[in-house]
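The structure appears below as structure tokens.
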Amino acid sequence: MGAAVLFQRSIQKVRSMNLLYFYINIGAFIIPFLFSFHPQIQFYKKWKFVFPAIFLTAIVFIAWDIYFTELKIWGFNPAYIFGIYFYQLPLEEVLFFVAIPYASLFTYYCFSVFINKQVLKVYEKYITLFLLFFCSFIGLLFYNKLYTFSTFISLTILLASLKYIFNVNWLNRFYFTFLIILIPFTIVNGILTGTGINQPVVWYNDHENLGLRILTIPVEDVFYGMFLLLLNTSFYEYFSRNK
């Protein structure tokens, strides 16, 4: 009888949990995953490049995430998570660095296959110069705000390296992809930061950012997302070109 009661209580506890963050990860991942087997796409054949790229990028961002969580620059609402942690990160946060990059690389690949590869090519140089100037300026101007500084300067360094050291020729496709991804990004990150729900899934210490929000999204998140996806794309392109 005791075991049956304990089991019933466990089931009730699982049913009462708010699995919003987990569902967001699944929702972002499942459709690109299923369409990876479409005969005109066959993205699964690129997995040998995709998953190493995701893994290496995840190492960087999980380490960054753990450090900032310890500093309380951001944190996670226990009402929306399983309660399983990797160091101080909930399982859902770790899955985020798999689900979102997979969906983004899938989108990037589809655009590379089905859309003219020269899209935004004539504007790529100007977009890159603007981003380099803007990100370096904001990062250095607000050097005392750790989230702002680390995000903008990291993106500046990566972008400058890709453009002027590695001389990559795919930045125009990345910019186009990122413009499209901004739509689901706003929806997903909006929910995570509190849009349409009672409390945010992820909270931020506004002393360490600019305090500017797009709906409920800190403006730094846009450039954090760009850095995340750009690093994933960089590894993916490197592995696929050096197979």
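What follows draws every value from the coordinates through simple rules; no lab data is involved. What you are looking at is a predicted structure, and each value in this text was computed from that prediction instead of being measured. Cβ sites come from the backbone with ideal geometry, for glycine too, and all protein chains shown count toward neighbours.
In order along the range 131-138, the Karplus-derived 3J(HN,Hα) couplings, from 6.51 cos²θ - 1.76 cosθ + 1.60 at θ = phi - 60°, round to 4, 4, 5, 5, 5, 5, 5, 5 Hz, and Gly and Pro are given as x. The mean sequence separation of alpha-carbon pairs under 8 Å and at least six residues apart, normalised by the residue count of the range 68-162, gives a relative contact order of 15 percent. Computed with the Debye formula from one identical point scatterer per Cα of the range 109-243, without solvent, the log10 of I(q)/I(0) at q = 0.09 Å⁻¹ comes to -0.30.
What is the packing order of peptides 124-133, 103-112, taking the mean over residues of other C-beta atoms within 10 Å and listing the highest first? Display every interim value, and only then the final one.
Values: 124-133: 14.6, 103-112: 20.9.
With the highest mean Cβ count within 10 Å placed first, the list reads 103-112, 124-133.
Normalised by the residues of the chain, what does the relative contact order come to in percent, with Cα pairs under 8 Å and at least six apart? If you can, show how the numbers build up before the last one.
Working: 249 pairs, mean separation 62.7, N = 243.
Across the chain, relative contact order equals 26 percent.
Only aspartates and glutamates eight or more places from K72 in sequence, or on another chain, were considered; those with a Cα closer than 19 Å are E92, E93, D206, E208, E220, D221.
Taking label points 7 Å from Cα along the Cα-to-Cβ direction, I165 and N198 give a separation of 4.9 nm. Compute the angle between helix 146-160 and the longest alpha-carbon principal axis of the chain, please, reported from 0 to 90 degrees and rounded to the nearest 10. For helix 146-160, the angle is close to 40 degrees. What is the range 168-224 by shape, rounded, prolate or oblate, if you read a ≥ b ≥ c off the alpha carbon gyration tensor as root eigenvalues and call it rounded for a/c under 1.5, prolate for a/b larger than b/c, and oblate otherwise? It is oblate, given that a/c is not under 1.5 and a/b is not larger than b/c. In straight Cα distance, which lysines are under 29 Å from K48, not counting same-chain residues fewer than 8 positions off? Within reach: K117, K121, K163, K243.
Classified by the C-alpha gyration tensor, the range 19-150 has an oblate form. Its axis ratio a/c, with a ≥ b ≥ c, is 1.5 or above, and a/b does not exceed b/c. From helices alone, the chain scores -22500 deg cm²/dmol at 222 nm; the rule is -39500 (n - 2.57) for each run of n ≥ 4 DSSP H residues, then divide by the residue total.
Only Lys, Arg, Asp and Glu count, each charged at its Cβ (+1, +1, -1, -1), so figure out the dipole size of the chain about its Cα centre, rounded to 20 debye.
Working: 16 positive and 10 negative charges, 151 e Å.
About 720 debye.
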